[in-house]
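The values are calculated or read from the model by the stated rules, or taken from the named source; none is laboratory data. Bear in mind the structure is a predicted one, so any value in this text is a computation, not a measurement. As a convention, Cβ positions derive from the backbone with ideal geometry for all residues, glycine included, and neighbour counts pool all protein chains shown.
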Amino acid sequence: MAIPKYVNHIDMNTNEIRNVSLETTGTLPASPFNTQHTVDTSGTSDIFKIYLNGTWNSILLGDSTTGTGLTDIDVTGTPALSKSLAGSVITLNIANADSTNPGLLTSSDYDLLNGATATAGNNTLALRDGSGGIVFTTIQLTSGTISTAPANNTDIVNKQYVDSAVSSGSAAINDFDASGNPDYPAANKGDIYHVTVAGTVGDSAGGGANGEILEVGDMLKAKVNTSGGDQATVGNDWIILQNNIGQASTTVTGYSRFATQAEVNAGVLTDVAVSPATMAASSSGTSTGLIGDGSTTDIVYTHNLNNQYVVVQVYDAATNSKINCGVELTSSTTCTLNFSTAPATNEFRVVVNG
């Protein structure tokens with residue numbers, strides 16, 4: 001049966017066209033006209049298409065399994081996006097983002113990001129503060145790179161920096177010529193200066209009159225970081241270590257030691273100190289005893305006072321009258337008493353103080 005053709009427009013005047021079947025084709029028309037429409041059956045699903053402005057546009061699809069629905073949503077270029085069809089409903093699915101692919105931000109990830117804070121907190125992401133830093137209560141590093149030298153007391157330093165500081169010594173050691181009466185140098189805490197030429201330090205303007213006297217071998221050590229200057233300005237920033245103090249005497253200031261009891265008793269040395277104990281022992285010793293045997297005229301009396309310069313008195317043992325005789329201070333432990341006639345047995349009493 002021949003298909004009638006209409007060469008004029010048909011105006012249905014708002015009436016319906018019922019039970020109409022659209023043209024189906026496995027091959028789209030080669031010379032389509034604008035607004036031409038057809039059902040393309042060339043694929044796995046029948047697709048309703050309309051030709052608009054030089055392009056075939058897919059409008060609806062339909063097959064025996066899925067029914068009808070939209071078909072112009074292409075998700076092949078977005079890995080995280082997929083679609084599924086149930087009847088006339090297309091469902092879009094967005095996969096969660098991972099380390100490789102973009103995708104949906106989960107609620108737990110959102111809470112983690114939204115809870116980020118510049119203050120140290122439990123199970124939170126850290127935000128930088130206004131200075132670009134991050135606050136940590138504690139931090140544990142198994143490895144890492146810290147390349148800059150420390151500038152503040154709280155700065156972290158790397159192992160290489162510490163090893164270098166240890167191998168080169170804890171402080172700089174420099175020679176110091178004090179002959180020109182210089183001021184204190186600028187130095188870091190712990191720096192040491194070894195005096196190689198004697199003079200003074202801390203009074204360059206006054207020629208050294210108000211500076212600290214230095215001799216060869218002395219050392220200067222900085223107690224704090226100091227910019228240098230005279231005694232009045234930075235003298236308290238330094239420690240002066242004397243290295244050449246001589247032994248003290250009655251005319252020389254220096255170091256000393258305590259004398260032994262024998263040295264105190266002898267009373268000869270002038271470059272040692274005397275303790276209260278040795279002074280008391282040397283000044284409070286007394287020895288007494290009876291002498292005479294009827295035959296000896298030069299009698300040696302042992303007093304053991306460890307002092308050669310003692311005071312010796314002889315008395316008549318019966319009457320306690322003082323007796324004059326010859327006395328020799330023989331040693332620190334003995335004295336010798338001289339008589340023209342030998343005293344009788346235990347005739348005289350000897351008293352030695354010293």
TODO: Would you check if Asp111 is in the same structural domain as Gly190 (by TED's automatic domain parsing) and modelled with pLDDT of 80 or more?
DONE: no
Task: Check on Ile239, in contact with a strand residue (DSSP E or B) (Cβ under 8 Å, 6 or more places away or on another chain) and exposed (fewer than 13 other Cβ atoms within 10 Å of the Cβ) - done: yes
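Results for (1) under 30 Å from Val195 (Cβ atoms); (2) among the β-branched types (Val, Ile, Thr); (3) in the same structural domain as Asp218 (by TED's automatic domain parsing); (4) surrounded by 16 or more Cβ atoms within 10 Å (Cβ to Cβ), shown as yes or no for each residue.
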residue: Thr253; (1), (2), (3), (4): yes, yes, no, no
residue: Thr278; (1), (2), (3), (4): no, yes, no, yes
residue: Asp293; (1), (2), (3), (4): no, no, no, no
residue: Val300; (1), (2), (3), (4): no, yes, no, no
residue: Asn324; (1), (2), (3), (4): no, no, no, no
residue: Ser331; (1), (2), (3), (4): no, no, no, no
residue: Thr341; (1), (2), (3), (4): no, yes, no, no
residue: Glu347; (1), (2), (3), (4): no, no, no, yes
TODO: Kindly list, by first and then second residue, each pair from a residue in the stretch 165-188 that is closer than 21 Å to Asp237 by Cα to a residue that is modelled with pLDDT under 80, limited to pairs with Cβ atoms under 7 Å and residues at least 6 apart or on different chains.
DONE: Asn181/Gly208
Open item on the list: Being at positive phi, more than 38 Å from the chain's Cα centre (by Cα) and at pLDDT below 90 is true for just one of Gly208, Gly292. Which residue is that?
Closed with: Gly208
- [ ] Among the residues of the stretch 329-354, write down those that are in contact with a strand residue (DSSP E or B) (Cβ under 7 Å, 6 or more places away or on another chain) and closer than 12 Å to Tyr309 by Cβ.
- [x] Leu329, Thr330, Cys335, Val352, Asn353, Gly354
Open item on the list: Please go through the stretch 249-263 and give me each residue that is of a type in the set (A, V, I, L, M), farther than 20 Å from Thr302 by Cβ and at pLDDT 75 or above, ordered by number.
Closed with: Ala259
TODO: Go through the stretch 1-60 and give me each residue that's surrounded by 10 or more Cβ atoms within 10 Å (Cβ to Cβ), in a loop (DSSP other than H, G, I, E, B) and of a type in the set (S, T, N, Q).
DONE: Gln36, Thr41, Ser42, Ser45
Task: Asn236 being assigned by TED's automatic domain parsing to the domain that holds Ser179 and either at pLDDT 90 or above or part of a strand (DSSP E or B) (or both) - done: yes
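Look through Ala151, Ala95 and report the one residue that is modelled with pLDDT of 85 or more and either among the aliphatic types (A, V, I, L, M) or at negative phi (or both).
Exactly one residue qualifies, and that residue is Ala95.
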Open item on the list: Against the conditions (1) at pLDDT 75 or above; (2) touching a Phe, Trp or Tyr at 6+ places or on another chain (Cβ under 7 Å), where does Ile59 fall short? Just the number, please.
Closed with: (1)
- [ ] Scan the stretch 191-220 for residues that are farther than 11 Å from Phe176 by Cβ and in a strand (DSSP E or B) and jot them down.
- [x] Thr200, Glu212, Ile213
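With respect to Tyr315, is the statement that it is at pLDDT 95 or above and touching a Lys or Arg at 6+ places or on another chain (Cβ under 6 Å) true?
So Tyr315 fits the description; yes.
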TODO: Would you check if Asp271 is in a strand (DSSP E or B), out of contact with any Asp or Glu (no Cβ under 7 Å at 6 or more places or on another chain) and in contact (Cβ under 8 Å) with a residue 12 or more places away in the chain?
DONE: no
